[in-house]
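These notes are about the structure you will find just below.
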Amino acid sequence: GTYLAVGSDNTVFVDNSLTIYEWNGSTLTERLSQNVGTTVYALDWNEDGTQLAIGLNGGDDLIVYAWDDSDYSITSLYSEDLGLASTVYSVKWGPFDQYLAVGGSNTTKDFINFLNQQKIWKLMNNY
């Protein structure tokens, strides 16, 4: 199937939720809605649609979930407080899903080698 992930906050919606919908070509159907505890600012599916990275406000500000489309469930694979001044505004999988680029509110950019879950490069911009 084709899936759409949507993040929300509790100022517009009822809770801080991650919602995943399935599009079958004519109908959008909600498959999962889960409160993640804080505002979702960024989302990116990996290349084959089996993992979803989300950027959050505060706490563990990066979470990567495994998506199981057989029963429409998610399982946390990785989470980290990246120390990005409490908010991750962008996440993007690299080629072959090996790397995950993460941008935060203090202009730090982290590049994570997701195969061994280690930060490999950190850029700091002093503007």
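Let's see how each residue does on (1) surrounded by 16 or more Cβ atoms within 10 Å (Cβ to Cβ); (2) modelled with pLDDT under 80:
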site	(1), (2)
50	no, no
59	no, yes
74	yes, no
86	yes, yes
91	yes, no
108	yes, yes
116	no, yes
119	no, yes
125	no, yes
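Going through the stretch 28-81 one residue at a time, which ones are in a loop (DSSP other than H, G, I, E, B) and in contact (Cβ under 8 Å) with a residue 60 or more places away in the chain?
In the first step, residues of the stretch 28-81 are kept if they are in a loop (DSSP other than H, G, I, E, B); the result is 36-39, 46-50, 58-61, 69-72, 81.
Once the filter is applied, which keeps residues that are in a loop (DSSP other than H, G, I, E, B) and in contact (Cβ under 8 Å) with a residue 60 or more places away in the chain, the stretch 28-81 yields only 69.
Please verify whether residue 55 is modelled with pLDDT of 80 or more and among the small types (Gly, Ala, Ser), treating the condition exactly as stated. Give the derivation first.
Details: modelled with pLDDT of 80 or more: yes; among the small types (Gly, Ala, Ser): yes.
Considered against the rule, which asks whether it is modelled with pLDDT of 80 or more and among the small types (Gly, Ala, Ser), residue 55 comes out as yes.
The values are calculated or read from the model by the stated rules, or taken from the named source; none is laboratory data. Everything numeric here is computed off the predicted structure, so don't read it as measured data. Cβ atoms come from the backbone with ideal geometry, glycine included; neighbour counts cover every protein chain shown.
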